[in-house]
Amino acid sequence: MPSKARIALLVPTHFQGEMPSPGEFIDWFKAAEELGFDSIWVLDRIFSSSKVLDAMMVMAWASGVTSRVRLGTGVLLLPYRNPILLAREVATVDYMSGGRVDLGIGLGGRESEFVAFGMQISERVKRFRDNLAAMRALWSGSNVTYEGRYHKFEGANVEPHPVQKGGIPIWIGGEAEGVLKRTAELADGWIGGARNDPQMLGEKIGKIKDYARARGRDPESLSFGSLEYMTLDEDVDRARDHMHSLTSSVYGPNFDTGANTTFGPPEPCIARLQAVIDAGCTEVIVCPPDLSIGQITRVAEEVVSRLKK
């Protein structure tokens, strides 16, 4: 586990109005790296009433204009993906970025999407496990043979393999007890969603550590992240409206922006992130409302610089 908390950014990829230009994304990626953020993460969505960019494509776009910042999916909906194709995509981005990929994965929870993919939502945990095992097998060597519940191959090669020593770090996102147990069993880290407060985060991190110990794993080898939606603005009402515009496009109009996001001047934002770090998070993923470089500059200079990580 890192000796201090890393501070990350979530790329805004959901838009209800006019889309930013590709150049605005490039400028934002470069600014995020220059401002010292440790990583950039991307959400995954399939069907949405908003305009949504593909997570893997955004990650690849970011990798080409940065050189240091890590790149993560927070989280990719794994049961929907063909693991053979995804293994190739992830390994390619890891190679092209010089070994900077973190793969966050989750189950997905919308029955309409499973129906559209010709799957049953009741099979999602089995598909998740099979897909992850198939990907890890393909990354492990040459002429690989694998037989799972949904996928099998013989003498298969997906090369180049990921270049990171020890392989691609796997993070699992979700809140259910089964997710916490699977994190302790299968993953290198866990990502908490936007509806957690610091106390809830601390409790879930404690459970994952207990499950890891029970499996003979070192709990201190795991990383723990949290999505923290945040807007800095001295006008609190304007900040709330700005934040609500984003969360509505991501989670729908019933998402409780007041309870689940932080907005306003720097002080409450500092307090929130510090509480998340104190709860045990090692990767704090700040989610800004848009591609404003001024906003992430304020976060870096007025919030991050004052944290006791």
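For the range 291-309, a tally of residues being touching a Leu at 6+ places or on another chain (Cβ under 7 Å) and part of a loop (DSSP other than H, G, I, E, B) returns 1.
Of the residues ARG272, ARG240, only one is within 20 Å of the chain's Cα centre (by Cα), in contact (Cβ under 8 Å) with a residue 12 or more places away in the chain, in a helix (DSSP H, G or I) and over 17 Å from ILE172 (Cα atoms); which? Criteria check complete, one pass: ARG272.
Checking each residue of the range 250-258 against the condition of being buried (at least 18 other Cβ atoms within 10 Å of the Cβ) and over 23 Å from SER49 (Cβ atoms) gives no match. THR247 falls short on exactly one of the conditions (1) more than 17 Å from the chain's Cα centre (by Cα); (2) within 30 Å of GLY206 (Cβ to Cβ), and that condition is (1).
Before we move on, is ALA300 surrounded by fewer than 16 Cβ atoms within 10 Å (Cβ to Cβ), farther than 18 Å from GLY225 by Cβ and modelled with pLDDT of 90 or more? Walk me through how you get there before you give the answer.
Working: surrounded by fewer than 16 Cβ atoms within 10 Å (Cβ to Cβ): no; farther than 18 Å from GLY225 by Cβ: yes; modelled with pLDDT of 90 or more: yes.
Criteria not met by ALA300.
Taking CYS287, is it closer than 19 Å to HIS14 by Cβ, of a type outside the set (D, E, K, R) and surrounded by 14 or more Cβ atoms within 10 Å (Cβ to Cβ)? Criteria met by CYS287. Within this structure, ARG149 passes the test of being of a type in the set (Lys, Arg), out of contact with any strand residue (DSSP E or B) (no Cβ under 7 Å at 6 or more places or on another chain) and within 13 Å of PRO79 (Cα to Cα).
Kindly indicate the residue of the range 229-249 that is touching a Ser or Thr at 6+ places or on another chain (Cβ under 7 Å) and not hydroxyl-bearing (Ser, Thr, Tyr) and also surrounded by the fewest Cβ atoms within 10 Å (Cβ to Cβ) among those meeting that condition. Step through it out loud before you land on a result.
So in the range 229-249, the residues touching a Ser or Thr at 6+ places or on another chain (Cβ under 7 Å) come out as 229-230, 239-240, 242-244, 247, 249.
This time we only want the ones that are not hydroxyl-bearing (Ser, Thr, Tyr), so: 230, 239-240, 242-244.
Values: MET230: 23, ALA239: 21, ARG240: 17, HIS242: 21, MET243: 24, HIS244: 20.
Per the stated criteria, the residue is ARG240.
Can ALA176 be described as at pLDDT 95 or above and closer than 26 Å to GLY252 by Cα? Working first, answer last.
Numbers: at pLDDT 95 or above: yes; closer than 26 Å to GLY252 by Cα: yes.
Criteria met by ALA176.
Of everything listed in (1) part of a loop (DSSP other than H, G, I, E, B); (2) in contact with a helix residue (DSSP H, G or I) (Cβ under 9 Å, 6 or more places away or on another chain); (3) more than 29 Å from TRP61 (Cα to Cα); (4) of a type outside the set (Asp, Glu), the single unmet condition for PHE153 is (1).
For the range 118-127, residues that are part of a helix (DSSP H, G or I), surrounded by fewer than 22 Cβ atoms within 10 Å (Cβ to Cβ) and in contact (Cβ under 8 Å) with a residue 24 or more places away in the chain total 4.
Return yes when ALA176 is surrounded by fewer than 21 Cβ atoms within 10 Å (Cβ to Cβ) and free of Cβ contacts under 8 Å to residues at least 60 places away in the same chain and no when it is not. Against the criterion (surrounded by fewer than 21 Cβ atoms within 10 Å (Cβ to Cβ) and free of Cβ contacts under 8 Å to residues at least 60 places away in the same chain), ALA176 qualifies. If you check LYS209, LYS165 for being over 16 Å from the mean Cα position of the chain (by Cα) and farther than 20 Å from ARG70 by Cα, only one passes: LYS209. Checking the conditions here, which among GLY74, GLY99, GLY36 is of a type in the set (Gly, Ala, Ser), at pLDDT 95 or above and under 15 Å from the mean Cα position of the chain (by Cα)? Going through GLY74, GLY99, GLY36 in turn, the sole match is GLY74. Looking at the range 1-117, none of the helices (runs of 4 or more DSSP H) lying wholly inside it contains 3 or more residues that are touching a residue at least 40 places away in the same chain (Cβ under 8 Å), in contact with a Ser or Thr (Cβ under 7 Å, 6 or more places away or on another chain) and surrounded by fewer than 23 Cβ atoms within 10 Å (Cβ to Cβ).
The values are calculated or read from the model by the stated rules, or taken from the named source; none is laboratory data. Note that this is a predicted model, so its numbers are computed, not measured. Glycine gets a Cβ as well: all are built from the backbone with ideal geometry, and neighbour counts include every protein chain shown.
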